[in-house]
Amino acid sequence: MSTLFDLTGKSAIVTGASRGIGKAIALALAEAGADVALVTNQTNPADIVQEIAALNRKSVVIKADLSDESRLPGVINQTMDAFGKIDILVNNSGIIRRTPAADHAAADWHDVINVNLNAVFFLSQLAGREMIRQGSGKIINIASMLSFQGGINVPGYTASKHAVAGVTKALANEWASKGVQVNAIAPGYIATDNTEQLRQDPDRSRQILERIPAGRWGRAEDLKGPVVLLASAASDYMNGHVMCVDGGWMNR
């Protein structure tokens, strides 16, 4: 059974890999045996580099502003230079702007769409070409509960995450027959920088916790098992699935 989840010899790209969910995902892939390209806007995320090295896996840090489409081919090229192939792409990087819809600035809307949607599609397109050539690959997009719901004060984020679910299904339809599986993980309310404002609001935090059957905020580490599943041979017949990892939030 363990061989189903073994990523030894695989190479992965993880965007937003220096902290939070992205860091947990990158470490999970390395723990399962993969070498990892860490895409970040930080100059030198030394801690995760050291942690991956301690696992006897390789990593390369790729500094890139994902809102700039012209930088995306460089992410692919640097990964190919480092590892010679791309087996796994995790589109994790995302931003959020909390403003009521009536006051939501155009700049905030475009910033969110550029990172959360445009970068996801174009990186998937670029990596997908390499995967199609080699006849195999796994693309994992990070969706959200707001891929299914409307949310409050986050219209751009909600639009982007609905679109991520749609892009996941569209690419899965085209590429499943070519040996490339495209799926998504929809985290629930995870204790990260993106949710700090909610966690600091006693009323909103209480409302959220009351709806979660598990009775707690999620942790970034809760995503480690699901991402290894979707990156491994264990998910070779999964295509276009959006997996909720939410403590039961969507059940309520």
Student exercise: in the chain, how many lysine pairs 8 or more apart or on different chains have Cα atoms under 16 Å apart? 13
Between MET80 and ARG252, what is the label-to-label distance in nm when each label sits 7 Å out along the Cα-to-Cβ direction? 4.7
Cleavage-rule hits, chymotrypsin sites (Phe, Trp or Tyr not before Pro), the stretch 182-246, DSSP coil, Cβ neighbours within 10 Å at most 16: TYR237
Estimated dipole of the stretch 38-192 in Debye, rounded to 20 [Cβ of Lys and Arg +1, of Asp and Glu -1, Cα centre]: 420
Listed by chain and number, the residues whose amide H is under 5 Å from that of ILE139, excluding neighbours fewer than 5 places away on the same chain and using placed H, are LEU89, GLN181, VAL182, ASN183
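All of the numbers you see were taken from the coordinates with simple rules; none came from a lab. What you see is a predicted model, and the numbers here were worked out from it, not measured in a lab. Ideal geometry is used to build each Cβ from the backbone, glycine not excepted, and the neighbour counts take in all protein chains shown.
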